[in-house]
1. Extension gain VAL274-ASP196, at 0.36 nm per residue separation less the Cα-Cα distance, in nm?
2. How big is the Rg/Rh ratio for the stretch 40-174, C-alpha atoms only, Rh by Kirkwood, two decimals?
3. Run the numbers for LYS393 and LYS348: contour at 0.36 nm per residue of separation, minus the present Cα-Cα distance, in nm.
4. Compute the length gained on full extension between ILE125 and LYS232: take 0.36 nm times their separation in residues and subtract their Cα-Cα distance, giving the result in nm to one decimal.
5. Please tell me which of these pairs span more than 19 angstrom C-alpha to C-alpha: LYS50/LYS87; LYS135/LYS406; LYS171/LYS348; LYS235/LYS337; LYS87/LYS135; LYS341/LYS449?
6. Counting only helical runs of four or more DSSP H residues, what would the 222 nm mean residue ellipticity of the chain come to if each run contributes -39,500 (n - 2.57) and the total is spread over all its residues?
7. Excluding ligands, DNA and RNA, what is the solvent-accessible area per residue of the stretch 177-331 at a probe of 1.4 Å, expressed in Å²?
8. Report the antiparallel proportion of the DSSP beta bridges in the chain as a percent, rounded to a multiple of 5.
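The values are calculated or read from the model by the stated rules, or taken from the named source; none is laboratory data. Predicted, not measured: the structure shown is a model, and the values here were computed from it. Cβ sites come from the backbone with ideal geometry, for glycine too, and all protein chains shown count toward neighbours. Accessible surface areas use protein heavy atoms only, side chains included; no ligands, DNA or RNA. Shrake-Rupley method; radii C 1.70, N 1.55, O 1.52, S 1.80 Å.
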Amino acid sequence: MKMNRRKFLAATALTPALLFLSRGAVASKRYRQELPIPELYEGKYRNGIKQFRLNAEYGEVEFFNGYKTETLGYNGNYLGPTLRVRKGDRVAIEVNNHLAEDTTVHWHGMILPARMDGGPHQNIIPRGQWTSEFKIIQSAATLFYHSHAHGQTGQQVYRGLAGLLLIDDEKSEQVGLPKDYGIDDIPLVIQDRDFDQGGQFSYVGFMPERMIGKHGKTLLVNGAYSPILKAKRNKLRLRLVNASNARFYNLGFEDGRSFKVVASEGGFLENPVVLKRLEMGPGERYEILVDLSDRKTVMLKSYGNVGNASHGPMGMMGMDKDMDMDVLLIDAESAEKTTSKSITTLAKFPDWMAIKTGNVSQQFDLQMGMMGMMRGMMNRMGKSGGMMSINDKSFDIDHINFSVRKNQFEVWKIGNSSPMVHPFHIHNTQFKVLSRNGNPANPFERGFKDTVIVSQNEIVEVMVPTGPYSDPQNPYMYHCHILEHEDAGMMGQFVVKS
Ligand SMILES: [Cu+2]
């Protein structure tokens, strides 16, 4: 019965979805594309600074045979190169805007001066240029960069403005994990998209999509639909990046094999955590190790009933409720056998629990008021308009919500009185999750993070290092990483004072 209802909805309300269903059926019979690996970009070393140049530009990609999709990319058609830097590096990244609209580039997960952060205040006008210069002061991690344009983040990221930024350090070079980029150290940028009848990206096509966030029915990995990875080695490190606008994933292997989580957004966990399923919200990153010694071919899938597809307004509408999606087929038939010792300790963390922080410094409630939701559904331009809020305030670019002092550890308490799950992201920090409703955080989220899932009626406490940089003028953002929520005002900004 449930299936019938869903098909009925698809047939009556979602023409693009219907089109996709038919094309998906054709596509599944075709030859699978090999997983593309974003090109490594290590910069040019000049005057003691690693120099990079990113051009935001228009592109065109044939995601499906015979259909050319108009896209955006950095230095290419879709997504961008993988910037690779080392702790201690001083970097200068020049960004040129070759688009006909304003844009920005935010270094998601980076601890850096506020005016270098690439948030909505570092706007780059068409034909404009902006250079972000900062020192890498944090540990090895998988970061990413993406548009954070005021009110336009959702559509720009959707069209392709995102890329990876990897930090190496002494630890990452010596810890003994696979580290040959594209060989046994594989980035997986996971995104969902919808296509219209002409093969173009279809963004928020019907009104509730603005409210629940854009969920596409086609999964792209590194910009390819349902690709295959012919594993070259039998132990792979997968850098999982949920670069989707709104979709949560529940990742696991079809044959039920387990994997080890070795890192979260801010770097290595203290110890690997063995899992069979891993839930990821938009903006979250995890690194996992998978053992392919059996040389089997296995599908990495995302299983249904996760995030807002399983409950909340989206679930109530019956959308995508039980939808399982293929992410990546891994063929290990010719994987080279490698020997690696089992690693039990990846990192040693300071005992943050012992740090005296006093009381809760900041308290947030993530909100989607009924009035706000109605307004949001009618507001398809994506401007901040009171649809979504934090503590009864929608984002106002001219209003600083609060200030903190530098070099402090603050406890931030994040509540969620809305009917949806939200991934909460804080700029300029790698925080630790202290508790979920008073209980310890999940083992895999006990490392450093910059984005944390907050479910309905949940209270998540995090400890936030405020970092060494202060600037009374330029703020950092904190926001929901469902990009339609961010664009609709579920965002605030704070300054760090000396
Ligand atoms: Cu949200």
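1. Numbers: separation 78, 0.36 × 78 = 28.08 nm, distance 3.99 nm.
Here the answer is 24.1 nm.
2. 0.99
3. 12.3 nm
4. Length gained, ILE125 through LYS232: 34.2 nm.
5. Working: LYS50/LYS87 12 Å; LYS135/LYS406 17 Å; LYS171/LYS348 11 Å; LYS235/LYS337 8 Å; LYS87/LYS135 8 Å; LYS341/LYS449 27 Å.
Result: LYS341/LYS449 exceed 19 Å.
6. -3000 deg cm²/dmol
7. 27 Å²
8. About 70 percent, rounded to the nearest 5.
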